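Each remark here refers to the structure printed beneath this line.
The values are calculated or read from the model by the stated rules, or taken from the named source; none is laboratory data. The model shown is predicted, which means the values in this text are computed figures rather than measured ones. Cβ placement follows ideal geometry from the backbone for every residue including glycine, while neighbour counts extend to all protein chains displayed. With ligands, DNA and RNA removed, areas are computed over all heavy atoms of the protein, side chains included. Shrake-Rupley method; radii C 1.70, N 1.55, O 1.52, S 1.80 Å.
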Amino acid sequence: MIQLHHVSKDYQQINALDDLNFQIEQGEIVGIIGKSGSGKSTLLRILNLIETPTKGEIYFGEKEIQTLTKKQIQQTKQTIGMIFQHYNLLSNLTVHQNVALPLKLLGKTNHEKVDELLDFVGMRMKSQYYPAELSGGEKQRVAIARALVRNPTLLLCDEPTSSLDEENTEEIIRLLKRTHKEFSPTILFVSHELSSVKTLCERVLVLESGRITDEFFNTPKDVSSPVLSYAERIKRGVKDVRN
Ligand SMILES: Nc1ncnc2c1ncn2[C@@H]1O[C@H](COP(=O)(O)OP(=O)(O)OP(=O)(O)O)[C@@H](O)[C@H]1O
Ligand SMILES: [Mg+2]
(Lines give C-alpha, C1' and ligand atoms only; values in the text may rest on other atoms or scores of the structure.)
(Ligands and ions follow the chains in the order given, each with its own letter.)
Protein backbone atom coordinates (compact mmCIF):
# COMPACT_ATOMS: atom_id res chain seq x y z
CA MET A 1 0.00 0.00 0.00
CA ILE A 2 1.22 3.51 -0.82
CA GLN A 3 0.11 6.53 1.20
CA LEU A 4 0.73 10.20 0.63
CA HIS A 5 0.33 12.58 3.58
CA HIS A 6 0.32 16.32 2.87
CA VAL A 7 2.81 15.94 -0.01
CA SER A 8 3.91 19.17 -1.72
CA LYS A 9 6.64 19.84 -4.25
CA ASP A 10 7.92 23.35 -4.99
CA TYR A 11 10.28 24.39 -7.75
CA GLN A 12 11.42 27.91 -6.88
CA GLN A 13 8.13 29.88 -7.09
CA ILE A 14 6.15 27.05 -8.70
CA ASN A 15 4.00 24.93 -6.43
CA ALA A 16 3.93 21.81 -8.67
CA LEU A 17 2.19 19.60 -6.07
CA ASP A 18 0.11 21.10 -3.31
CA ASP A 19 -0.86 19.11 -0.22
CA LEU A 20 -1.67 15.73 -1.79
CA ASN A 21 -3.37 13.15 0.42
CA PHE A 22 -4.38 9.77 -0.97
CA GLN A 23 -3.63 6.11 -0.74
CA ILE A 24 -3.33 3.28 -3.23
CA GLU A 25 -3.97 -0.33 -2.27
CA GLN A 26 -1.64 -3.09 -3.41
CA GLY A 27 -2.85 -4.41 -6.79
CA GLU A 28 -5.13 -1.45 -7.58
CA ILE A 29 -5.19 0.22 -11.01
CA VAL A 30 -5.47 3.94 -10.34
CA GLY A 31 -5.70 6.66 -12.96
CA ILE A 32 -4.54 10.23 -12.53
CA ILE A 33 -6.00 12.61 -15.05
CA GLY A 34 -4.91 16.18 -15.41
CA LYS A 35 -4.13 18.91 -17.92
CA SER A 36 -0.63 19.77 -19.05
CA GLY A 37 1.30 21.32 -16.17
CA SER A 38 -1.04 19.94 -13.48
CA GLY A 39 1.83 18.04 -11.82
CA LYS A 40 1.36 14.48 -13.16
CA SER A 41 5.00 13.79 -14.07
CA THR A 42 6.21 15.47 -10.88
CA LEU A 43 4.02 13.11 -8.87
CA LEU A 44 5.40 10.08 -10.73
CA ARG A 45 9.01 11.24 -10.27
CA ILE A 46 8.36 11.49 -6.54
CA LEU A 47 6.79 8.02 -6.40
CA ASN A 48 9.68 6.67 -8.49
CA LEU A 49 12.03 8.05 -5.80
CA ILE A 50 13.88 10.20 -8.32
CA GLU A 51 12.82 13.35 -6.47
CA THR A 52 11.91 14.08 -2.87
CA PRO A 53 8.86 16.09 -1.81
CA THR A 54 9.40 19.57 -0.35
CA LYS A 55 6.87 18.71 2.36
CA GLY A 56 4.92 15.69 3.53
CA GLU A 57 5.42 11.96 3.90
CA ILE A 58 5.18 9.02 1.54
CA TYR A 59 4.71 5.52 2.92
CA PHE A 60 5.51 2.37 0.97
CA GLY A 61 3.81 -0.16 3.23
CA GLU A 62 4.83 0.69 6.80
CA LYS A 63 7.96 2.58 5.81
CA GLU A 64 8.22 6.31 5.29
CA ILE A 65 10.54 7.01 2.38
CA GLN A 66 12.64 9.68 4.07
CA THR A 67 13.52 7.29 6.91
CA LEU A 68 15.04 4.74 4.51
CA THR A 69 18.77 4.24 4.12
CA LYS A 70 20.39 4.67 0.68
CA LYS A 71 20.50 0.90 0.33
CA GLN A 72 16.80 0.54 1.21
CA ILE A 73 15.96 3.26 -1.32
CA GLN A 74 17.91 1.35 -3.99
CA GLN A 75 16.05 -1.85 -3.06
CA THR A 76 12.68 -0.07 -3.18
CA LYS A 77 13.55 1.46 -6.59
CA GLN A 78 14.08 -2.06 -7.92
CA THR A 79 10.43 -2.87 -7.14
CA ILE A 80 9.19 -0.01 -9.32
CA GLY A 81 8.83 -0.12 -13.12
CA MET A 82 8.15 2.91 -15.25
CA ILE A 83 6.95 3.53 -18.80
CA PHE A 84 6.99 6.87 -20.59
CA GLN A 85 5.24 8.69 -23.42
CA HIS A 86 8.40 8.67 -25.55
CA TYR A 87 9.40 5.08 -24.65
CA ASN A 88 12.96 6.05 -23.55
CA LEU A 89 14.57 3.04 -25.26
CA LEU A 90 18.31 3.22 -25.90
CA SER A 91 18.77 3.58 -29.66
CA ASN A 92 22.15 1.79 -29.78
CA LEU A 93 20.79 -1.37 -28.08
CA THR A 94 18.65 -4.09 -29.66
CA VAL A 95 15.17 -4.89 -28.36
CA HIS A 96 16.58 -7.81 -26.35
CA GLN A 97 19.40 -5.67 -24.91
CA ASN A 98 16.98 -2.88 -23.98
CA VAL A 99 14.77 -5.29 -22.03
CA ALA A 100 17.83 -6.91 -20.40
CA LEU A 101 19.31 -3.55 -19.35
CA PRO A 102 17.64 -3.16 -15.90
CA LEU A 103 19.00 -6.61 -14.98
CA LYS A 104 22.42 -5.81 -16.41
CA LEU A 105 22.57 -2.69 -14.22
CA LEU A 106 22.21 -5.04 -11.23
CA GLY A 107 25.00 -7.25 -12.61
CA LYS A 108 22.51 -9.94 -13.63
CA THR A 109 21.81 -11.81 -16.87
CA ASN A 110 18.62 -13.77 -17.57
CA HIS A 111 18.05 -14.31 -21.30
CA GLU A 112 15.17 -16.71 -20.64
CA LYS A 113 13.27 -14.14 -18.62
CA VAL A 114 13.86 -11.49 -21.32
CA ASP A 115 12.60 -13.89 -24.01
CA GLU A 116 9.55 -14.79 -21.92
CA LEU A 117 8.66 -11.12 -21.53
CA LEU A 118 9.24 -10.46 -25.23
CA ASP A 119 6.80 -13.32 -25.90
CA PHE A 120 4.36 -11.78 -23.43
CA VAL A 121 4.37 -8.43 -25.24
CA GLY A 122 4.46 -10.10 -28.69
CA MET A 123 7.90 -8.79 -29.68
CA ARG A 124 10.08 -11.90 -29.56
CA MET A 125 10.36 -12.06 -33.36
CA LYS A 126 11.92 -8.60 -33.36
CA SER A 127 14.34 -9.15 -30.48
CA GLN A 128 17.37 -8.35 -32.65
CA TYR A 129 15.85 -5.16 -34.12
CA TYR A 130 16.92 -1.67 -33.02
CA PRO A 131 14.34 0.89 -31.76
CA ALA A 132 14.57 2.95 -34.98
CA GLU A 133 13.23 -0.09 -36.87
CA LEU A 134 10.05 -0.28 -34.76
CA SER A 135 6.69 1.53 -34.82
CA GLY A 136 5.59 3.58 -31.80
CA GLY A 137 3.26 0.83 -30.57
CA GLU A 138 6.06 -1.75 -30.87
CA LYS A 139 8.48 0.52 -28.99
CA GLN A 140 5.99 0.88 -26.17
CA ARG A 141 5.51 -2.89 -26.00
CA VAL A 142 9.29 -3.28 -25.65
CA ALA A 143 9.31 -0.57 -22.97
CA ILE A 144 6.60 -2.49 -21.07
CA ALA A 145 8.70 -5.68 -21.22
CA ARG A 146 11.68 -3.68 -19.92
CA ALA A 147 9.59 -2.24 -17.07
CA LEU A 148 8.52 -5.77 -16.06
CA VAL A 149 11.93 -7.42 -16.12
CA ARG A 150 12.62 -6.84 -12.40
CA ASN A 151 9.15 -8.11 -11.37
CA PRO A 152 7.92 -4.71 -10.15
CA THR A 153 5.17 -4.48 -7.55
CA LEU A 154 4.44 -0.92 -8.72
CA LEU A 155 4.16 0.09 -12.37
CA LEU A 156 4.16 3.83 -13.04
CA CYS A 157 2.86 4.89 -16.47
CA ASP A 158 3.48 8.48 -17.59
CA GLU A 159 1.16 9.10 -20.56
CA PRO A 160 2.21 5.85 -22.28
CA THR A 161 -0.42 6.16 -25.01
CA SER A 162 -0.22 9.89 -25.71
CA SER A 163 2.03 9.47 -28.78
CA LEU A 164 0.02 6.59 -30.25
CA ASP A 165 -2.93 6.39 -32.63
CA GLU A 166 -6.26 4.96 -31.51
CA GLU A 167 -5.51 1.38 -32.55
CA ASN A 168 -2.11 1.24 -30.82
CA THR A 169 -3.54 3.00 -27.77
CA GLU A 170 -6.12 0.22 -27.41
CA GLU A 171 -3.43 -2.40 -27.87
CA ILE A 172 -1.25 -0.90 -25.13
CA ILE A 173 -4.23 -0.60 -22.77
CA ARG A 174 -5.08 -4.24 -23.49
CA LEU A 175 -1.46 -5.20 -22.77
CA LEU A 176 -1.49 -3.29 -19.47
CA LYS A 177 -4.68 -5.15 -18.50
CA ARG A 178 -3.00 -8.47 -19.30
CA THR A 179 0.05 -7.33 -17.32
CA HIS A 180 -2.18 -6.68 -14.33
CA LYS A 181 -3.90 -10.06 -14.67
CA GLU A 182 -0.64 -11.98 -15.09
CA PHE A 183 1.72 -10.18 -12.65
CA SER A 184 -0.70 -8.21 -10.38
CA PRO A 185 1.39 -5.05 -9.91
CA THR A 186 -0.20 -1.90 -8.56
CA ILE A 187 -0.60 0.34 -11.62
CA LEU A 188 -0.62 4.12 -11.53
CA PHE A 189 -1.63 5.37 -14.97
CA VAL A 190 -1.23 9.06 -15.66
CA SER A 191 -2.81 10.68 -18.69
CA HIS A 192 -4.64 13.70 -20.03
CA GLU A 193 -6.87 11.42 -22.17
CA LEU A 194 -10.05 10.53 -20.32
CA SER A 195 -10.88 7.66 -22.70
CA SER A 196 -7.65 5.73 -21.94
CA VAL A 197 -8.02 6.29 -18.20
CA LYS A 198 -11.65 5.13 -18.27
CA THR A 199 -10.80 2.02 -20.25
CA LEU A 200 -8.10 0.89 -17.85
CA CYS A 201 -8.62 2.26 -14.36
CA GLU A 202 -10.91 1.25 -11.52
CA ARG A 203 -10.45 4.49 -9.63
CA VAL A 204 -9.56 7.88 -11.04
CA LEU A 205 -8.11 10.94 -9.30
CA VAL A 206 -8.36 14.34 -10.95
CA LEU A 207 -5.26 16.53 -10.59
CA GLU A 208 -5.61 20.29 -11.12
CA SER A 209 -2.78 22.77 -10.45
CA GLY A 210 -1.07 20.27 -8.18
CA ARG A 211 -4.17 19.40 -6.14
CA ILE A 212 -6.51 16.42 -6.20
CA THR A 213 -9.86 18.07 -6.90
CA ASP A 214 -12.02 14.99 -7.51
CA GLU A 215 -12.10 11.21 -7.36
CA PHE A 216 -14.43 8.80 -9.11
CA PHE A 217 -14.90 5.07 -9.37
CA ASN A 218 -15.16 3.58 -12.78
CA THR A 219 -16.17 0.33 -14.40
CA PRO A 220 -13.43 -0.15 -16.97
CA LYS A 221 -14.55 -0.91 -20.52
CA ASP A 222 -13.97 -4.41 -21.79
CA VAL A 223 -11.19 -4.25 -24.36
CA SER A 224 -10.57 -7.98 -24.33
CA SER A 225 -13.13 -8.58 -27.11
CA PRO A 226 -11.84 -9.50 -30.57
CA VAL A 227 -9.83 -6.77 -32.22
CA LEU A 228 -11.79 -5.11 -35.00
CA SER A 229 -9.95 -4.28 -38.19
CA TYR A 230 -8.93 -0.66 -38.64
CA ALA A 231 -11.38 -0.25 -41.54
CA GLU A 232 -14.20 -1.84 -39.52
CA ARG A 233 -13.63 0.56 -36.62
CA ILE A 234 -13.59 3.56 -38.96
CA LYS A 235 -16.90 2.37 -40.47
CA ARG A 236 -18.43 1.86 -37.03
CA GLY A 237 -17.17 5.26 -35.96
CA VAL A 238 -18.84 6.88 -38.97
CA LYS A 239 -22.05 4.93 -38.27
CA ASP A 240 -21.99 6.10 -34.65
CA VAL A 241 -21.63 9.70 -35.76
CA ARG A 242 -24.60 9.39 -38.16
CA ASN A 243 -26.75 7.85 -35.47
N1 LIG B 1 12.47 20.47 -12.77
C2 LIG B 1 11.57 21.47 -12.75
N3 LIG B 1 11.96 22.74 -12.48
C4 LIG B 1 11.08 23.74 -12.43
N5 LIG B 1 9.74 23.59 -12.63
C6 LIG B 1 9.30 22.37 -12.91
C7 LIG B 1 10.17 21.22 -12.99
N8 LIG B 1 9.43 20.13 -13.27
C9 LIG B 1 8.17 20.55 -13.37
N10 LIG B 1 8.08 21.88 -13.15
C11 LIG B 1 6.83 22.68 -13.17
O12 LIG B 1 5.88 22.02 -12.35
C13 LIG B 1 4.59 22.06 -12.92
C14 LIG B 1 4.08 20.63 -13.14
O15 LIG B 1 4.86 20.02 -14.16
P16 LIG B 1 4.66 18.51 -14.61
O17 LIG B 1 5.71 18.21 -15.62
O18 LIG B 1 4.58 17.64 -13.42
O19 LIG B 1 3.22 18.57 -15.30
P20 LIG B 1 2.45 17.46 -16.16
O21 LIG B 1 1.08 17.39 -15.60
O22 LIG B 1 3.26 16.23 -16.23
O23 LIG B 1 2.38 18.15 -17.60
P24 LIG B 1 2.37 17.47 -19.08
O25 LIG B 1 0.98 16.91 -19.28
O26 LIG B 1 2.66 18.61 -20.00
O27 LIG B 1 3.43 16.40 -19.11
C28 LIG B 1 4.72 22.86 -14.19
O29 LIG B 1 4.38 24.19 -13.92
C30 LIG B 1 6.19 22.76 -14.54
O31 LIG B 1 6.63 23.86 -15.27
MG1 LIG C 1 4.11 15.13 -17.80
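Which pairs, out of 9/139; 9/77; 70/113; 35/70; 77/221, put more than 25 Å between their alpha-carbon atoms?
9/139; 70/113; 35/70; 77/221
Which listed residue (85, 2, 99) has the Cα farthest towards the positive end of the charge dipole for region 1-149, taking +1 on Lys and Arg C-beta and -1 on Asp and Glu C-beta about the Cα centre?
Comparing the listed Cα positions along the dipole, 99 ranks first.
So with the 1.4 Å probe, I'd like the accessible area per residue for the chain, rounded to whole Å². Please list the in-between numbers first.
Numbers: 12940 Å² over 243 residues.
With all protein chains present, the chain gives 53 Å² per residue.
Please enumerate, by chain and number, the aspartates and glutamates with C-alpha under 14 Å from the C-alpha of residue 177, excluding those fewer than 8 residues away in the same chain.
Correct list for residue 177: 28, 202, 222.
In whole percent, how big is the carbon plus sulfur part of the accessible area of the chain, probe 1.4 Å, protein atoms only? Write down the numbers at each step before the final one.
Working: 6400 of 12940 Å².
It is 49 percent, rounded to a whole number.
What would the Debye equation give as log₁₀ I(q)/I(0) for the chain at q = 0.14, 0.17 Å⁻¹, counting only Cα atoms as equal point scatterers?
So the normalised log intensities are -0.96, -1.34.
So for each of 108-114, 157-163, 174-180 I average, over its residues, the number of other beta carbons within 10 Å; can you give me the resulting order with the highest mean first?
157-163, 174-180, 108-114
Which of rounded, prolate, oblate describes region 46-182, given a ≥ b ≥ c as roots of the alpha-carbon gyration tensor eigenvalues and a/c under 1.5 marking rounded, otherwise prolate only if a/b is larger than b/c?
It is prolate, given that a/c is not under 1.5 and a/b is the larger ratio.
Below 9 angstrom from the Cβ of residue 31, what's the summed charge of the other residues (Lys, Arg +1; Asp, Glu -1)?
Local charge sum for residue 31: +1.
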